[in-house]
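All remarks here apply to the structure that follows.
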Amino acid sequence: METLMADCVQSSLRQFMHRNAIFLCERLCAEFPSELNSQLLASCYLHNNQAYCAYHILKGTQMAQSRYLFAISCFEMDLLSEAEAALYPSNETGSEVPNGAAGHYLLGLIYRYTDRRKSAVDHFKQALSIDPLLWAAYEELCTLGAADEASGVFGESAALLIQHQSMYHGTDSQHVQTAIEDRSVLAGRTLGPEEANSRQLKHVHGNSLRDLPASHHGTAVVVGPSSQPLNGGSSTMSVYSTPSPMSSQFSTVAPPPLCRNGQPNMNALGGESSPKSTVNTTIQAPRRKFVDEGKLRKVSGRLFPDSGPRRSTRLAAEAASVASSNSTQGGNGISHSSAKFLGAVSSSRLSSASFRSVTVRKGQSWASESLDDGKRPEAFDDARSDNSATTSSASLSGDDRYLERERGCMQIGVLTPNGSRITNGVSELLSLLRTLGEGYRLSCLYRCQDALDAYRKLSHKQYNTGWVLSQVGKAHFELVDYLEADHAFILARRATPYSLDGMDIYSTVLYHLKEEMKLSYLAQDLILTDRLAPQSWCAIGNCYSLQKDHETALKNFQRAVHLNSRFPYAHTLCGHEYVALEDYENGIKSYQSALKIDTRHYNSWYGLGMVYLRQEKFEFAEHHFRRAFQINQRSSVIMCYLGMALHALKRNDEALEMMEKAITADRKNPLPMYHKANILASLERFDEALENLEELKESAPHESSVYALMGRIYKRCNLPAKAMLHYGLALDLKPSAADTAVIKSAMEKLHVPDELEDGL
């Protein structure tokens, strides 16, 4: 009953029927209270986004997987200290982090959000060393600016590790799936549909529910890769390898014969291993000799030890031994117990499948459960006899012979066609990850043009995916190429209209382009897609901010923060709106909140610098602009404002040098050329200043501030006619009300000497 209920829970989870899974699992825990069943119930609540329920269920548990699930619950509830204590108890020095790579990744996130960058980097790297395909860990390293080159992370060592893991762990599903398919084909050919279905049902009740020594809780609670070792030791399967009590309602059903690493001689079946002979002998199953329940428990205990050899290697060795024995034994097949297959895999999907025979190599089959009454294969161990005393003594020699076969199989496993397919697949996958990883790493380092070049190396199919196109759009956004960014995001929306990744940046692109209609349409579309995503409310906030409704924009950005408090860009946008409302204190708090989440979020460092620049706290402004510049060393805007802060501090030589860097970084940006001219004018280098402004006038002919600055310089050069001309041109370009007032005031004082003007 316990296994049946667990299997029903797993089935409900696979079909996303979370409420049904919770109900059934509560009945399971009430009937069979155990920590394993509590794990399953907690996983049901986690699937249903009820982390607080899982938290109360698992609080105080000690098993490795329980601690991992408890840490997940704490992390979702923002109880980071409790999550850290569950994963890495301070009183247990040298203890392993549960759940392998996934555990290290979760611990890295905890350290990152508690501002312990070095520890976070260490655990992300450990996660990648255990599982090179854990892309999320590499993403976090890129975000922290600590990622190694992708060619090193996804290189030859990663390929060898993945091949090793595939050899030891990946063959389970392949062999078992082959067994299911071949058994179904054989049953369909030899039996009618109704008879085949009835036999499958009988096998499920008589074999899977009674004789499986492994529990079926594994697939629901494992969040990381299925092959990930828990607590650094046994695999996920072995954690749940606790036999369930024998149910009395199945006591009349005889268990299947247990095959102890043997190779039965199929000559006992008439010298042929045809489907017909297999089925006929299988139908005569009630006449076979079986081990009684006491012996069954003893034998199964030796067959499936917690710390024994990996089961996937046993399956691989059996497959290799089939191929070798077929070439030497002629038409003889190999008999293998279905109980061994089922015990080797802790997957609920397997509990409903029965294995009668596995077809291998041109129709030859493993005829499981096909022995005649009273006949025993030559290669069978003496453990098949009724004498329980000989069982323990004969099993050792059988294990020794099996281990020898296993070692031989692992030597030649890479040479098989399946091994070559794995090698080719790993090579292609790592090549793809190297390209994607290098592009993402360069993007996080704000080497955006290099990142774009990396992404262009992708195939047409990979390049035209939503994620890649969003990254391309972000790169163009950082390069202040808003038109190209708009085009990339349009393609991304077309490829994956359901994805919201990067849509917060896209809304900012439309904000800078002043595309009110497109921004309004995007915001409404995102809300219809997912109204609980922070990107949706960021888009709405940008829409109101573009209309100068800063209070409503602020409310929408705060809504995004409430939906995801770990979304740094939402905090930054809140800071921008506070500054627009001249609420500098709350603006500073918002920027600092963003930096607590991501210290490399340069937008917040820039925002803090702007606040202090407005408050004329130039030392603080220079510090925060420099921090932003250290993160993004290719931003012309940051260089320009850093130069302005240096100029305010009377460090004019450094300011001019920074302006030159800003101009070189982006020739299309008029701001650094304007401020360079302003600095030159303050140093009374009027000719150089006018030369820069004349060049700037060609690239930005509609900037009123350029003409106003030229008018001021001409006045200081005692050229009032030219000054009046340029002041008039500045007014014709309809500047803002504040700038208009300044220009008119300068025109009124045009004939007033500079010395008297300073005193007025």
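The values are calculated or read from the model by the stated rules, or taken from the named source; none is laboratory data. No experiment lies behind these values; they were computed from the predicted model shown. Positions of Cβ are generated from backbone atoms using ideal geometry, with glycine treated the same way; all protein chains shown enter the neighbour counts. For accessibility, only protein heavy atoms count, side chains too; no ligands or nucleic acids. Shrake-Rupley method; radii C 1.70, N 1.55, O 1.52, S 1.80 Å.
Tell me which trypsin sites (Lys or Arg not before Pro) from segment 639-732 have a DSSP coil assignment and no more than 13 other beta carbons within 10 Å of their own. Hits after loop and neighbour filter: Lys650, Arg667, Lys668.
Quick one, what does Rg over Rh come out to for segment 663-760 if you take C-alpha atoms and the Kirkwood Rh? Provide the component values of the computation, followed by the final result.
Details: Rg = 13.3 Å, Rh = 13.7 Å.
Radius of gyration relative to Kirkwood radius: 0.97.
The fraction of accessible area contributed by carbon and sulfur in segment 1-98 is 53 percent, rounded to a whole number (1.4 Å probe; ligands and nucleic acids excluded). Applying a threshold of 29 Å to the alpha-carbon distances of Lys514/Lys697; Lys125/Lys555; Lys548/Lys617; Lys518/Lys668; Lys518/Lys734; Lys457/Lys676 flags Lys125/Lys555; Lys457/Lys676 as lying beyond it. Centre-to-centre separation between the Cα atoms of segment 109-145 and those of segment 564-597: 26 Å. Note on surface exposure: Tyr612, Tyr68 rank Tyr612, Tyr68 by accessible area, highest first, 1.4 Å probe. Where a ≥ b ≥ c are the square roots of the eigenvalues of the C-alpha gyration tensor, would you call segment 483-580 rounded, which needs a/c under 1.5, or, failing that, prolate if a/b is larger than b/c, or oblate? Note, shape of segment 483-580 comes out oblate. Once all protein chains are placed together, Glu515 keeps about 70 Å² accessible to a 1.4 angstrom probe.
Once both labels are positioned 7 Å from their Cα atoms along Cα-to-Cβ, the gap between Gln462 and Arg494 label points is 2.2 nm. Each of Gln630, Gln592, Ala648 was scored by the projection of its Cα onto the charge dipole of segment 568-670, and the greatest displacement toward the positive side belongs to Gln630; charges sit on the C-beta of Lys, Arg, Asp and Glu.
Largest first, the three principal axis extents of the alpha carbons in segment 1-98 are 40, 24, 19 Å in whole numbers. Within the full protein context, the accessible area of Asp122 is estimated at about 70 Å² for a probe radius of 1.4 Å.
Against the criterion of solvent-accessible heavy-atom surface with a 1.4 angstrom probe, Phe16, Phe154 sort, most first, into Phe16, Phe154.
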